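Nothing in this text is a laboratory measurement; each read-out follows from the coordinates by a stated rule. The structure displayed is predicted, hence computed values, not measured ones. Using ideal geometry, Cβ is built from the backbone for each residue, glycine included, and neighbour counts are taken over all protein chains shown.
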Amino acid sequence: CAFPRTPKAARARQLGGLVVGPSWIWDCQKTGRRLPCSPYLLDGSASSGSEGEGSEDAPPPSRPAPKATKGAGPPRPATP
C-alpha cells in the first residue's frame, strides 16, 4: 500500500495480513528474492515480530492471474 490508513490496508490487517510499502516490492524484484517485511511495514502493521513473513529464501511473491469471465473485456493491471 502507498498509505497505511486506507480501506484496503485496514481489510488486509483484518484478514491477518501485513501491510508493506511499495518499496518492498521493488527491492524484492531488484534482489530476485523475497526480503523480510519488517523494515517495510507501514504504521499499524506490526504485530508480533516477523510472524507471517515467510522464508527469506522464497521467491518474490506473485499474484495469481485473474480468472477470465465471459464478456469481461481485457484484463486490468493489478495494483499493489
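Miscellaneous remarks
- Computed from label points 7 Å out along Cα-Cβ, the spacing between Phe3 and Ile25 is 1.7 nm.
- Summarising the amide proton neighbourhood of Leu42: residues at separation of 5 or more, or on other chains, whose placed amide H is nearer than 5 Å comprise Val19, Val20, Gly21.
- Karplus-derived 3J(HN,Hα), 6.51/-1.76/1.60, for each residue of the stretch 26-32, Hz, glycine and proline x: 5, 5, 4, 4, 4, 7, x
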